[in-house]
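Worksheet: the structure to be examined is printed underneath.
Quick note: the coordinates plus some simple rules give every number you see, no bench work behind them. No experiment lies behind these values; they were computed from the predicted model shown. As a convention, Cβ positions derive from the backbone with ideal geometry for all residues, glycine included, and neighbour counts pool all protein chains shown.
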Amino acid sequence: MRINILGCGGSKGNGSRPTAFLVDGKLLLDCGTATEVLSLKEFALIDNIIISHAHFDHIGDLPFIANLAFDMKKDPIVLHGIKESIKDISAHIFNWRIWPDFPKIPNAKNAKLSYRTLKPQKKVVVGPYSVLAIPVNHTVPTVGYLIDDGQTALAYTGDTYNTDLFWEKIRGEKRLRAVIIESSFPNRLEEAARTTRHLTPSLLEEEVKKLKRDDVEIYVSHIKPVFRKEVIADLRRLSKRLPLKILEDDMKIKL
């Protein structure tokens, strides 16, 4: 499994691109960033998008993805997400007011962007992958994911505060090789993290302990750009006790 980090920031600005991970060149995991990074040839290979939730830093490039798909894709791109996320996107973005309703152009049958609703805790097949959506603890309905290609598996928390079900579902997966976990705020802003349902490095440490494994790579994502230096400093102090890697835009990972 190859993962191209198109963006890993908790917001846009200061050299930070919003969250999007391209898996094996075809599956897009969240889509805060895509069209401004990928060439048209690379974009043409994407056939599925999986979203964790409908906050803008995770879906912000979706209108432009729909535009490109309409202009150049022969086969539709399928947007996968839980019912709450699909409902929000349908009601508030593809509604003819904010953006054209691409999933209905020229009609639902022939549109170049289509919806697929995922049920939490039920595995589905998406291309060559087994995909499991796992509810996590955020301010809106949000899921993390376990993505398994039959040889290796990747787990992604999405945006979350402290949560238990996610770790219960992934810890026994024998093919699990990596977890991407968020850490948005520095330790001194733990109250802000609690209010917005995000993690700090200290809270991240407590979450990762729930995995109860030392054979899985831990990658840290979704750092707010204003606090990036401070969060990294907190993470580096933490890394003496817990091996982890900090994601950067354009990084490439092979599992």
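List of remarks:
- Residue in segment 5-15 that is of a type in the set (S, T, N, Q) and surrounded by fewer than 16 Cβ atoms within 10 Å (Cβ to Cβ) present: yes
- Filtered residues of segment 47-68 (kept if among the aliphatic types (A, V, I, L, M) and either farther than 13 Å from Leu113 by Cβ or touching an Asp or Glu at 6+ places or on another chain (Cβ under 9 Å) (or both)): Ile49, Ile50, Ile51, Ala54, Ile59
- If you filter segment 126-156 down to residues that are of a type in the set (Gly, Ala, Ser) and buried (at least 17 other Cβ atoms within 10 Å of the Cβ), you find that the one that is farthest from Asp88 (Cα to Cα) is Ala153.
- Qualifying positions in segment 93-125 - surrounded by 13 or more Cβ atoms within 10 Å (Cβ to Cβ) and of a type in the set (S, T, N, Q): Ser114, Thr117
- Sole exception among (1) over 20 Å from Leu247 (Cα atoms); (2) crowded, with 18+ Cβ neighbours inside 10 Å; (3) not β-branched (Val, Ile, Thr) for Arg213, by number: (2)
- Residues (over 30 Å from Val179 (Cβ atoms), part of a loop (DSSP other than H, G, I, E, B) and not basic (Lys, Arg)) located in segment 98-136: Ile98, Pro100, Asp101, Ile105, Pro106, Asn107, Ala108, Asn110, Ala111
- Residue that is farthest from Glu217 (Cα to Cα), among those in segment 12-22 that are assigned to a loop (DSSP other than H, G, I, E, B) and touching a strand residue (DSSP E or B) at 6+ places or on another chain (Cβ under 7 Å): Lys12
- Among the residues of segment 91-104, not a single one is in contact with a helix residue (DSSP H, G or I) (Cβ under 8 Å, 6 or more places away or on another chain) and among the small types (Gly, Ala, Ser).
- The set of residues in segment 139-167 being β-branched (Val, Ile, Thr) and assigned to a loop (DSSP other than H, G, I, E, B) consists of Thr139, Val140, Thr142, Thr152, Thr157, Thr160, Thr163.
- Filter pass, Leu165 being buried (at least 21 other Cβ atoms within 10 Å of the Cβ), among the hydrophobic types (A, V, I, L, M, F, W, C) and either on the phi < 0 side of the Ramachandran plot or without any contact (Cβ under 8 Å) to a residue 24 or more places away in the chain (or both): no
- If you go through segment 20-39 and pick out every residue that is on the phi > 0 side of the Ramachandran plot and surrounded by fewer than 24 Cβ atoms within 10 Å (Cβ to Cβ), you end up with 2.
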